[in-house]
Amino acid sequence: MSHQDSPPRLAKAHLLTAELRALQHRMNETVDQLCELVGGASASLLLRADTNPLNGQGKLCLTPGFLMSPSAQTYRRNPPAGEMLSAETHFYCDQHQGLVQLVQQPLARQADSRYSLIINFAEFHGDWLSLVVDARSFLAGFDAGKCELGMLIEVSSTAQVTLSSKVSINVGGEWTETHLDVRTNQVCISKASLGRISASDIQAFDIHFVFNPTPRGSIEIRRMTFTLDVEAEPVAAPRLEGVFEDGL
């Protein structure tokens, strides 16, 4: 390819890429409409309905929406700190030079999630990238009780990208943190005891994932599911006084 041909060919490549993204956006909208016709509700509402109810075993489940439903923006270039990926998940990044790309990619039909999230970075000189999942939807299922958080996550990455995770809970302006054992390039299952939780007292319930990337590489999040196992507090039976006559 000659230098004279390069700019027109590059411009055409950009145009075709833009058209492809527009087609993908239209396809995502069509999928949502089909979900609404078949199920009587949008995909996002169906997902929200799946995460809140407390089942018979006292367990609540949550899978972030960016893994389950199509995003209006399947490609993001150098997103700002706090970029919303789905209703409960935000992306953060410290100051850096270079390029950061977020790509939502469809997965095979038999996969546990409908989509994966790919984070590409090049000439990256910052210290961290992170996802923060707001897990307050768990609190809609119970009032108070002893809780254990479970997590299943699958993250693949290029070599030397480390991952750490923690749960941060704010009660009355005071934060408590519980760390979770996570690793990349494998299916990771982790549990953490959160002690007694009273839903009415909690101002924030966040699950953090912090990556320490190399200057160039890629991270793919393929699975991320949380469970909250609740041991509900027994309800004391009301004491009835004056029902029986004294001495009987």
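Here, each number is a calculation from the coordinates, and none is a lab measurement. Because the structure is predicted, anything quoted here is derived from the model rather than measured. Heads up, the Cβs are rebuilt from the backbone with ideal geometry, glycines too, and the neighbour counts pull from every protein chain shown.
Using θ = phi - 60° and the Karplus form 6.51 cos²θ - 1.76 cosθ + 1.60, what ³J(HN,Hα) does each residue of region 70-83 get, whole Hz, x for Gly and Pro?
The phi angles translate into x, 9, 5, 10, 7, 9, 10, 10, 6, x, x, 4, x, 4 Hz.
Which FRET efficiency value, to the nearest 0.05, do you get for Gln24 and Ala122 by plugging their Cβ-Cβ distance into 1/(1 + (r/R0)^6) with R0 = 30 Å?
Between Gln24 and Ala122 the formula returns 0.85.
Once the piece of chain linking Asn170 and Tyr75 is laid out straight, how much longer is it, given 0.36 nm per residue of separation minus the C-alpha distance between them?
Taking Asn170 through Tyr75 to full extension adds about 30.9 nm, to one decimal.
If the cut-off is a Cα-Cα distance under 26 Å, which lysines reach Lys191, setting aside same-chain residues fewer than 8 apart in sequence?
Lys59, Lys146, Lys166
Applying 1/(1 + (r/R0)^6) with R0 = 30 Å to the Cβ-Cβ distance of Ala111 and Asp201, what FRET efficiency is obtained, to the nearest 0.05?
0.20
Return the FRET efficiency for the residue pair Thr158, Ala192: r is the Cβ-Cβ distance, R0 is 25 Å, and the value is rounded to the nearest 0.05.
0.35
With each pseudo-label sitting 7 Å past Cα toward Cβ, what's the Ala11-Gln95 distance in nm, one decimal?
In this crude spin-label approximation the distance works out to 3.8 nm.
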